[in-house]
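Visitor: One structure coming up, written as structure tokens, with questions to follow.
Nothing in this text is a laboratory measurement; each read-out follows from the coordinates by a stated rule. Bear in mind that the values here come from a model prediction, so they are computed numbers and not experimental data. Counting neighbours? That spans all protein chains shown, and the Cβs are built from the backbone with ideal geometry, glycine included.
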Amino acid sequence: MKKILIAYFSHEGENLVDDRIVTLEKGNTRIAAEELAKQLESKGAKPMLFRIEEMIPYPQDYEGTLARSRQEKESGANPLINDGPNNFELYDVVFLGFPNWWGTIPAPILSFIRDHDFSGKKVIPFITHGGQDFLYSLDTIKAELPGVEVIKGFACAAPYIASAKYVIISFLEENPELVK
Ligand SMILES: Cc1cc2nc3c(=O)[nH]c(=O)nc-3n(C[C@H](O)[C@H](O)[C@H](O)COP(=O)(O)O)c2cc1C
């Protein structure tokens, strides 16, 4: 059976859902990542769930997070993040989860990609978003990982995060070889 890592970034606090600012106790991508772990476990896999965290936290408020993330995107920043999971080299499959920020990956995901050697791994990005799906994020990841197999994962829209389970179940049913 393949060794699977689920590495994700998720921002708790204020966010925009259906054009309203709401406070999320648990980030949408974290909800999706935990559901993915549960569904993989139900198929007999033993995934490792790893949360990517920025060393200098993003603000709680939506406007502050927008401002900082925009500046990071424009400057191509690689903010410092926590140490990665132990024995990264042993994983065959890496699910990489993140929210769509400004149409692409949040800067801590860029840092995580650059901090690790993905050669020989299968990378499966999955996203939660406010309506724009993966947009530029897949191309950004592929450009960062030349020669690495990157497979489009699943996308969950923020207002329907409660239905993430069904999106994940159907993705895993369509890709049974990922778990074997
Ligand atoms: C800084 C910021 C930028 C965002 N930019 C986009 C965007 O460009 N396109 C989009 O569809 N959603 C965008 N969103 C919405 C998030 O992708 C969505 O709410 C996501 O589910 C949040 O996941 P999280 O709770 O795990 O952080 C943005 C949210 C934030 C906070």
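Visitor: Peptides 79-92, 121-134, 142-155: what's the order by average Cβ count within 10 Å, highest mean first?
Guide: Averaged packing, sorted descending, gives the order 121-134, 142-155, 79-92.
Visitor: While we're on this one: Quick one: of the DSSP bridges fully inside region 79-171, what percent are antiparallel, nearest 5?
Guide: Of all bridge pairs located within region 79-171, approximately 10 percent are antiparallel.
Visitor: Let me ask you something else. State the antiparallel share, in %, of DSSP beta bridges confined to the chain, rounding to the nearest 5.
Guide: Around 25 percent antiparallel, to the nearest 5.
Visitor: What ranking of I6, I161 emerges when the number of other C-beta atoms within 10 Å of each C-beta is taken as an exposure proxy, fewest first?
Guide: Result, fewest neighbours first: I161, I6.
Visitor: For a protection proxy built on the mean count of beta-carbon atoms within 10 angstrom, sort 15-25, 163-173 highest first, please.
Guide: For the peptides 15-25, 163-173, the packing ranking is 163-173, 15-25.
Visitor: Going by the alpha-carbon gyration tensor, a ≥ b ≥ c the square roots of its eigenvalues, is the chain rounded (a/c under 1.5) or, if a/c is not under 1.5, prolate (a/b greater than b/c) versus oblate?
Guide: Judged from the Cα gyration tensor, the chain comes out oblate (a/c at least 1.5, b/c at or above a/b).
Visitor: Same structure, new question: Based on DSSP H runs of at least 4 residues, each adding -39500 (n - 2.57), what is the mean residue ellipticity at 222 nm of the chain after dividing by all its residues, to the nearest 500 deg cm²/dmol?
Guide: Mean residue ellipticity, 222 nm, calculated: -9500 deg cm²/dmol.
Visitor: Something else: Which pairs, out of K26/K180; K142/K165; K73/K152; K122/K142; K26/K165, put more than 20 Å between their alpha-carbon atoms?
Guide: Where the Cα-Cα span goes over 20 Å, the pairs concerned are K26/K180; K142/K165; K73/K152.
Visitor: Please say if region 130-169 is rounded, prolate or oblate, where rounded means a/c under 1.5 for a ≥ b ≥ c the square roots of the C-alpha gyration tensor eigenvalues, and otherwise the choice is prolate for a/b larger than b/c and oblate otherwise?
Guide: Note, shape of region 130-169 comes out oblate.
Visitor: Using a Gaussian network model of the chain whose springs link C-alpha atoms within less than 10 Å, name the residue from P99, P159, P57 with the highest mean-square fluctuation.
Guide: Answer for the Gaussian network model of the chain: P57.
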